[in-house]
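For reference, the structure discussed in these notes is given below.
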Amino acid sequence: MRLKIRRIPLDTLRENVAVLASNCSALRPEAFQAFKRLEVQHDGRSIIASLDICRDLSVVGPDEIGLTEPAFRRMGLAEGDTVFISPARSPQSLDYVRTKIGGETLNRHQIESIVQDIVGYRYSDMEIAAFLVACAGFLSTDELLHLTFAMAAAGTTLRWDAPVVVDKHCIGGIPGNRTSMIVVPIVAAHGLIMPKTSSRAITSPAGTADTMEVLARVDLTIEEMKEVVRECNACLVWGGHVNLSPADDILIGVERPLNLDTREQMVASIMSKKKSAGSTHLVIDLPLGPTAKVRDAMEAMRLRKLFEFVADRMNIHLEIVVTDGAQPVGRGIGPVLEARDVMAVLANDISAPADLREKSLLLAARVIECDPAVRGGAGYERARQLLESGAAMTSMQKIIETQGRGPSAPAPGPLHADVLAHADGVVASVDCLRIAQLARLAGAPLDRGAGIDIFKRIGDRVETGEPLYRIYSAGESHFDFAVEEAGQSNGFALASTGIPAKALQ
């Protein structure tokens, strides 16, 4: 059954969706409803798509099949090209998912088949969710290894002509923690190879790629990325554009709405990307705090051991650094504000956030000590010298220029309001989750200038009416919503001497 392609200007995110007219000339659409999905084929290329029926003939005609933006892009054809359609058979690997749901362990072949079908967009979000929930219930160490290797092998694998290729990664959850953009130029100035690929925000106010994009282009091809590394020793690019562990991006997109973030899935996600990026040495920042992803020392130890187990089997030299995750790092939260803080640290500006500077130096020191020529304990002094001498800033400017400097320097959003303390006291705690949520409500990261500028930190004394932080936004609806929500719960808790901490309302 052949039909002509029509592009439907509708972004259905990861899902491939095909649209048939209610009076389709090739077949009665009702006949396909039992299958619910179609296979669309052309010259050996095929996709699986969910089926929708349209009664508006101006959208799709009787001799056409409409493909939404993701499906149209993946087929790589032009409007009017002819494709063959047929009922889509369920992937065999779904039987393995059912096996996992039943509580059994899967072998390497079964997990590889599942990952390949996920990357091939043969699974719906519901089927991916079923797999993730089953894995969240129980995943053996062998299954974790199979999953990590399968995810790494499913996309591009980079090779570098260097015995030591370093990387640094934070498990996330702490707003403003933009240390990578400081660590990378310091390490590059030292002379180590550090091809840093980073993610965009999914539920946070900014990912490293979002913040770097304020300064430079991040959607580089693999060849462009390699050229930047040849010129600069390092890069700061968006990993999604170079197809590293593509299964991870798909799985994360389903995990986050379900609030699934198990230790095993986190380890598979991070380590698969580092393996496919060609890393030989890796430093992981593991923030520990009451509103961080990891909230107690025992959980941190379990996660560290799991990372070490997988890293050993992947021949990646790993070091875990447990850091303070009690509050946001730096002052700015949101792409423009975070980029401002990063450049202030690199410029050795006296107004730069001291905590962001110190944490970046700590992590850069650990990465530099991956260099066999650097003695243990000497990394911090080397990192500090590279930062204070201006070598790190020179390195960053070279990376920006080589990747492609942004056309302008975006400013914070024009709408702003201060969130004030409602009582005298000392800042006892800051809720990282709440602060991140408020920054997103203000419009970050899609609105680059939106976000939060924090004025007070844990231990600071405040008086009634004194600003705790400032909300920035570009749109009135986002701005009003964020200010209203901050008025309900601002994420700060104050304590007075001898009085237990209480949340400000």
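Residues are listed down the side, and each one gets a yes or a no for (1) of a type in the set (D, E, K, R); (2) closer than 30 Å to Arg448 by Cα; (3) at pLDDT below 95:
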site: Met266; (1), (2), (3): no, yes, yes
site: Val283; (1), (2), (3): no, yes, no
site: Phe307; (1), (2), (3): no, no, no
site: Val329; (1), (2), (3): no, yes, no
site: Gly332; (1), (2), (3): no, yes, no
site: Asn348; (1), (2), (3): no, yes, no
site: Pro353; (1), (2), (3): no, yes, no
site: Leu356; (1), (2), (3): no, yes, no
For the stretch 327-342, state whether one or more residues are surrounded by fewer than 22 Cβ atoms within 10 Å (Cβ to Cβ) and in a loop (DSSP other than H, G, I, E, B).
no
Please verify whether Ala134 is within 21 Å of the chain's Cα centre (by Cα), among the small types (Gly, Ala, Ser), modelled with pLDDT of 90 or more and on the phi < 0 side of the Ramachandran plot, treating the condition exactly as stated.
no
Run down Arg108, Arg178, Arg159 and say which single residue is modelled with pLDDT of 90 or more, out of contact with any helix residue (DSSP H, G or I) (no Cβ under 9 Å at 6 or more places or on another chain) and charged (D, E, K, R).
Arg159
So which residues in the stretch 84-106 are in a loop (DSSP other than H, G, I, E, B) and surrounded by 14 or more Cβ atoms within 10 Å (Cβ to Cβ), if there are any at all?
Ala88, Ser90, Pro91, Thr105, Leu106
For the stretch 320-340, enumerate the residues that are of a type in the set (D, E, K, R) and within 20 Å of Gly459 (Cβ to Cβ).
Asp324, Arg331
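Considering each of Ala450, Ala474 in turn, give the residue that is of a type in the set (Gly, Ala, Ser), at negative phi, surrounded by 14 or more Cβ atoms within 10 Å (Cβ to Cβ) and modelled with pLDDT of 95 or more.
Unique residue meeting the criteria: Ala450.
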Which of the residues belonging to the stretch 312-363 are more than 26 Å from Leu468 (Cα to Cα), among the charged types (D, E, K, R) and touching a Phe, Trp or Tyr at 6+ places or on another chain (Cβ under 9 Å)?
Arg313
When the residues of the stretch 395-420 are filtered to those that are touching a Pro at 6+ places or on another chain (Cβ under 9 Å) and not in a helix (DSSP H, G or I), which remaining residue is farthest from Val184 (Cα to Cα)?
Leu420
Going through (1) within 17 Å of Ile333 (Cβ to Cβ); (2) buried (at least 20 other Cβ atoms within 10 Å of the Cβ); (3) more than 23 Å from the chain's Cα centre (by Cα) one by one, Ser429 fails only at (2)
Determine which member of the set Glu127, Glu104 is under 22 Å from Pro257 (Cα atoms) and without any contact (Cβ under 8 Å) to a residue 60 or more places away in the chain.
Glu127
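Okay, residues lined up against (1) buried (at least 21 other Cβ atoms within 10 Å of the Cβ); (2) β-branched (Val, Ile, Thr); (3) part of a loop (DSSP other than H, G, I, E, B):
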site	(1), (2), (3)
Ser360	yes, no, no
Val367	yes, yes, no
Val374	no, yes, yes
Ala392	yes, no, no
Is there a residue in the stretch 273-292 that is more than 15 Å from Thr148 (Cβ to Cβ), in a loop (DSSP other than H, G, I, E, B) and touching a Leu at 6+ places or on another chain (Cβ under 6 Å)?
yes
Pick from Val419, Val342: which is more than 25 Å from Val214 (Cα to Cα), of a type in the set (Val, Ile, Thr) and at pLDDT 95 or above?
Val419
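The values are calculated or read from the model by the stated rules, or taken from the named source; none is laboratory data. Being a predicted model, the structure only gives us computed values, none of them experimental. Using ideal geometry, Cβ is built from the backbone for each residue, glycine included, and neighbour counts are taken over all protein chains shown.
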